[in-house]
Amino acid sequence: MQDQGWHRLDKHELVDAFARPISSAIYGAAVQLVGLCTKKHNTLEKTFRAGAGAEEGAEAFTIVIPPPNVTGSLHMGHALNNTLQDILVRFERMRGKNVLWQPGMDHAGIATQMVVERQLIEKQIHRRDLTRDEFIDSVWEWKAESGGAILNQLKRLGASADWSGERFTMDEGLSKAVLEVFVTLYKEGLIYKDKRLSTGTRSS
């Protein structure tokens, strides 16, 4: 048997000699797996689009994901909530309905502002040192970072939402739609305007 010289290596060199090819093999397999998962996910995204697989005139079934705030990442409550929604929309797709599971995120204005202000303070920058536009740019940068993480979390959960229609509450057009709804509800007497916030209903 040919002498490989293993006995002349110290323990660190020996571990490195065995670990390096194994690590390379694992890394290569991981790259292939990611590639396969990406292709599969891109195919599934088309399958999950609104109305996919439904016949013309099929009964509609819609769920809007309660939009998570862009202030952080999802927690176990989000995972449970979205899992239950996913069960419902997959079941209705199997029944042939025209299904839309609408994903999106909420701007959570005050909470997001606090997060961004804390980040600026860590850089020795006060909000009032910036112009309004500069501060808004910082908020949008945070939205891109945090919002991207949230969407990736939902996708890793396997949520079968229509990702092609993902929306953010501050997107162009959505603010106008929200204003129109609130005005309509106010005119119909379904909501009211008062001098202070209330967490309960009006007393009779």
Flagged in region 117-149 as assigned to a helix (DSSP H, G or I) and among the basic types (Lys, Arg), in numbering order, are ARG118, ARG127, ARG128, ARG132, LYS143
Residues of region 84-105 being surrounded by 15 or more Cβ atoms within 10 Å (Cβ to Cβ) and outside any helix (DSSP H, G or I), in sequence order, are LYS97, ASN98, VAL99, LEU100, TRP101, GLN102, PRO103, GLY104, MET105
The residue that is modelled with the lowest pLDDT, considering only those in region 138-181 that are β-branched (Val, Ile, Thr) and open to solvent by 70 Å² or more (accessible area, probe 1.4 Å), is VAL178
Going through region 150-199 in order, the residues found to be in contact (Cβ under 8 Å) with a residue 24 or more places away in the chain, among the basic types (Lys, Arg) and in a helix (DSSP H, G or I) are LYS155
Of the residues in region 106-116 that are part of a helix (DSSP H, G or I) and in contact with a Phe, Trp or Tyr (Cβ under 9 Å, 6 or more places away or on another chain), the one that is modelled with the highest pLDDT is VAL116
Within region 59-83, restricting to residues that are surrounded by 15 or more Cβ atoms within 10 Å (Cβ to Cβ) and part of a loop (DSSP other than H, G, I, E, B), the one that is modelled with the highest pLDDT is ILE65
Residues in region 114-123: is at least one under 30 Å from ALA58 (Cα atoms) and touching a residue at least 40 places away in the same chain (Cβ under 8 Å)?
no
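The values are calculated or read from the model by the stated rules, or taken from the named source; none is laboratory data. The structure displayed is predicted, hence computed values, not measured ones. Quick reminder, even Gly has a Cβ in these numbers, built from the backbone with ideal geometry, and neighbours come from all protein chains shown. With ligands, DNA and RNA removed, areas are computed over all heavy atoms of the protein, side chains included. Shrake-Rupley method; radii C 1.70, N 1.55, O 1.52, S 1.80 Å.
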